[in-house]
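Since the structure comes first, as structure tokens, the remarks are kept for the end.
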Amino acid sequence: MTPFTTVEGQAIRLIENNIDTDQLIPARFMSRPRKNGYGDLLFYDLRRDAGGTFRPDFPINQHSGKEPFLIVGENFGCGSSREAAVYVLQDAGFRAIIATSFADIFRNNALKNGLLPVELSKTDYEALCAAHDAYPERSMQIKLHEQCVTLGTDSWAFTIAETSRQMLLTGMDEISYTLTHIDKITDFEIRYGAATPWGHGSGLGASDSVG
Amino acid sequence: MTPRTIIEKIWSRHRILSDGDRDLLFVDRHYVHEGSHHAFDKIAQMGRALRRPDATFGVADHYVPVHQKSPGKGANADILRMIEQLAQNASSHGFLAFGPKDKRQGIVHVTMPELGLTLPGMIVVCGDSHTATHGALGAFAFGIGASEVAHVLATQTLWQAPPAMMKLVVEGKLGRHITAKDLALHIICMIGTGGATGHTIEYAGSAISALDIEERMTLCNMTIEMGARSGIIAPDDKTLRWLEGRPYAPDRPDWDAALAGWRALASDPGAHFHREVVIDGSEVAPMVTWGTSPQDVMPVTDCVPATAEACEARAYMGLMDGQRIEGLSIDQAFIGSCTNGRLSDLAAAAAVLAGREVRVPLLISPGSQKVRAQAEETGIADILRSAGAIFADSGCSLCVGMNGDRVPSGARCASSTNRNFRGRQGPGSRTHLMSPAMVAAAAVKGVIVDVRNLDTATVEVVK
Ligand code: SF4
């Protein structure tokens, strides 16, 4: 995972609230392996009109792939748990999403992949949007060490759980980290398995041949 | 001891260690499906093994073609590859997976509980948001993304921060023809799709106790549509009766040992909840969505909101402001999904369809092969077919349109599913969510109607 420390660049703004994962990537595309890239699938149906041509009025269609930030409304990423909703944003070049709130699973998925979900208070969010609308071309900065978004002379603070922050800063892979605790996991499994023998392994009530 | 909620009790039984703001929890059941391929690719890339094949169960559901008359209808090479990939991962990692021809196949959230794999007090996860369904049996169950799926595959654990708890109390009696689906949509109408974000909902109250287990699954299933990741109902006698004797449920004497633990799960009196919401069940009407989010919902007797906010959804749905939803003509109908694809749902539809004929195509995809077999045995399937419905095989089908089944662009579908997002049932499709009985009524009349105004037969289901 690419570490996230300080990222600088322009932002694109989408005004809608409750953008769901089916809008981020329609389900019919999810059989594609990740290595083939997901960027072109972002907002697939919203970007195009009925005839399949790009709608010039849809903000993402002005996206050059160089803007690292996307400003959205509230409850962003609601709906299904598909991590592809993060892949499309990442593969399209976004590094951070700014919102007043995120759907839980989307936030988790984003953090695990190094896409930073920045949650601002309503007042800060409105101030940021006003500043962005006034100078949409202006570059902004997101500093994860300081946990702030900076635009011109203004700066807004956000918070993020400490372990997630460390993971993002270092680009550490979580599975390897967890497996450093493997002894404790094994001990737990032995104790727990003895207390609930019916729940696991050979203790499961039925065999492969259930009618 | 400080009084604890059911989630706190389950949590403490599964906590391995803590690293500050989060705990490492042991996972009892990990369900995977075709869509879990990203996670298997990930552990393969890392050269990691599957830690607990005995706690991992797979099923093909999202991509499975459901039309037996023409098997493979709509199934392109991509779809077949997805199903094959799951079977390959199961055999190379040595876990049990139920393919399309297996009698245990079905939608993951229907078939796994039916098999007795989901048990009270367990932590159950799956790379699918509707995993909340399993909370109906008193399990702490939630959907996870592909990175977390990979993490569970490799470690059988997950890092979690304790969720805020919401207690949602439903008192009073649900009226005639009012189902758990209507109750769920009613709650979403009141609190919105973001209303429970960050929370786990524990349902309680007399109306919840009165629900049977299948209805509880419908309600917990829709909890994700309220923004909560998980919903739970403490196990009671009904839960235990429902579970006993299921293929993977413990046999005696293990059953008795398990019971003691399960009975102690209920939240203690005085346990702390961050929020409490009380709802009067007697006020719930048959609900129908008009827009493109589950919160765009209202009683069938109401009119489409005329607000400016609703403008875009109205336009997409081809509706006028202030228009009555009753009488709106539909092009097709669908009954199925992990929300409403169980035997009692088919029975409710059969009660409406008995002696009638559908005016628009009605596709019925049972939630599992077992539900399908039971519908055949009880005669429900005959009623459905006599009314002209297509009684198909089990899979997600039109709930998500990944198996080749689609609602054409601009067409209007009355659907017993859980999401009416733009294009969910196919690009340009227009979905109206409602209960199975309401879908059946709409299919019979060709327009959205209030099922309470129709005479219905009694269809016996032995539960
Ligand atoms: S039936 Fe629908 S909601 Fe349920 S698992 Fe399948 S696609 Fe998801």
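Tabulated data
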read-out	value
Shielding score for A:172-179, defined as the mean number of other chain Cβ atoms within 10 Å	6
Helix B:369-378 axis, angle to chain B major axis (alpha carbon atoms, nearest 10°)	50
Column: log10 I(q)/I(0), Debye, Cα scatterers of segment A:1-113, q = 0.11, 0.21, 0.22 Å⁻¹	-0.32, -1.30, -1.44
Share antiparallel - DSSP beta bridges, the protein assembly as shown, percent rounded to 5	35
By average C-beta atoms within 10 angstrom, highest first, the peptides B:150-158, B:435-443	B:435-443, B:150-158
Bridge type composition, segment B:287-453 - antiparallel percent by DSSP, nearest 5	30
Chain B - Rg and Dmax from Cα coordinates, angstrom	21.2, 63
Over the protein assembly as shown: Kirkwood hydrodynamic radius from C-alpha pairwise inverse distances, Å	25.3
Dimensions (Å) - segment A:125-204, Cα atoms, principal axes, largest first	65, 23, 17
Under 19 Å from residue B:42, Cα to Cα: aspartates and glutamates that are on another chain or at least 8 residues apart	A:83, A:91, A:173, A:174, B:34, B:84, B:128, B:148
Rg to Rh quotient for segment B:6-160, alpha carbon positions, Kirkwood Rh	0.99
Cβ-defined net charge surrounding residue B:293, 14 Å radius [Lys, Arg +1; Asp, Glu -1]	-3
Using alpha-carbon coordinates, inclination of helix A:182-195 to the longest axis of chain A, degrees	50
Cross-link reach list, lysines versus residue B:101, counting only Cα pairs under 24 Å and skipping chain neighbours closer than eight places	B:69, B:73, B:370
Lysines whose Cα lies under 24 Å from that of residue B:445, excluding same-chain neighbours fewer than 8 positions away	B:181
Net +/- balance of residues flanking residue B:329 in space, Cβ distance below 13 Å, scoring K and R +1, D and E -1	+3
For chain A, share of DSSP beta bridges that run antiparallel, in % to the nearest 5	50
Kirkwood-based shape ratio for chain A, expressed as Rg/Rh from alpha carbons	1.08
Size of electric dipole in chain A: Cβ of Lys, Arg +1 and of Asp, Glu -1, about Cα centre, debye, nearest 20	420
Cα gyration tensor shape of segment B:351-422, rounded if a/c is under 1.5, else prolate or oblate by comparing a/b with b/c	oblate
Degrees separating the helix B:77-93 axis from the principal Cα axis of chain B, which is the longest one	20
Over segment B:111-207 - Rg/Rh using Cα atoms and the Kirkwood inverse-distance radius	1.00
Chain A - percent relative contact order, Cα under 8 Å, separation 6 or more	24
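None of the figures in this text is laboratory data; all of them are computed from the coordinates on show. Just so it is clear, the model here is predicted, and its values are computed rather than measured. Note that each Cβ is placed from the backbone with ideal geometry, even for glycine, and that neighbours are counted across all protein chains shown.
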